[in-house]
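Here the structure is laid out as structure tokens; the discussion comes afterwards.
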């Protein structure tokens, strides 16, 4: 499967890229390198430098590489900062996610995994958080990602709420911890790329409700 990964030079994005390549998928990374690192991208993976705000670059990438799906990790993610500069978060996580979606639709790419966040649920009422818990974000980061989820609605999109992923990029002598973290955090992307039904559609619900992932392993979201 051909996949474009936005934010693929970042911490979680680069782990997804390596996991996908290990399973034989053709991957292209699209990253502005503001937080990501060029050296995090495997040498056999194409790295396109660009911002998701740049519609012309997105169009060019989608036309040239013709991905069958997009994994969207590009985002601003610091909750504290989001309360000081909320406009940055709504622009990057909401408005520019819409720019990406518009480019996808214009270029015939109808499959997306949107990396969401447990911050949509605010202060957890219980642990672990389950997908059907109320969406009550308590900061601009969570609110901006919630709007981003809403932008995805109607495109045939599956979303996966992010976890506090750690240990996903470690030296090979620490592979046990690394592989454990990868298995926990990337199950949804493996399932999506291996078996995505052509007639799949998100849950018929209001626009700001997160569509249900295709086949969650446990029905819960780790925090």
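The set of residues in region 111-129 being surrounded by 15 or more Cβ atoms within 10 Å (Cβ to Cβ) and either in contact with a strand residue (DSSP E or B) (Cβ under 8 Å, 6 or more places away or on another chain) or at positive phi (or both) consists of 111, 112, 113, 114, 115, 116, 118, 121, 122, 129. Would a scan of region 141-157 turn up a residue that is buried (at least 23 other Cβ atoms within 10 Å of the Cβ) and in a loop (DSSP other than H, G, I, E, B)? Within region 141-157, one or more residues are buried (at least 23 other Cβ atoms within 10 Å of the Cβ) and in a loop (DSSP other than H, G, I, E, B).
With respect to the conditions (1) surrounded by fewer than 16 Cβ atoms within 10 Å (Cβ to Cβ); (2) in a helix (DSSP H, G or I), residue 136 falls short on a single one, namely (2). Each residue in region 22-44 was checked for being more than 20 Å from residue 109 (Cα to Cα) and surrounded by 15 or more Cβ atoms within 10 Å (Cβ to Cβ), and 7 pass. Out of all the residues in region 12-29, is one or more in contact with a helix residue (DSSP H, G or I) (Cβ under 9 Å, 6 or more places away or on another chain), part of a loop (DSSP other than H, G, I, E, B), farther than 28 Å from residue 140 by Cβ and touching a residue at least 40 places away in the same chain (Cβ under 8 Å)? Yes, region 12-29 has at least one match. Just one of the numbered conditions (1) under 18 Å from the mean Cα position of the chain (by Cα); (2) more than 17 Å from residue 20 (Cα to Cα) is not true of residue 63: (1).
Read the figures in this text as sums done on the coordinates, not as results from a lab. Keep in mind that this is a model prediction, so the values were computed, not measured. Quick reminder, even Gly has a Cβ in these numbers, built from the backbone with ideal geometry, and neighbours come from all protein chains shown.
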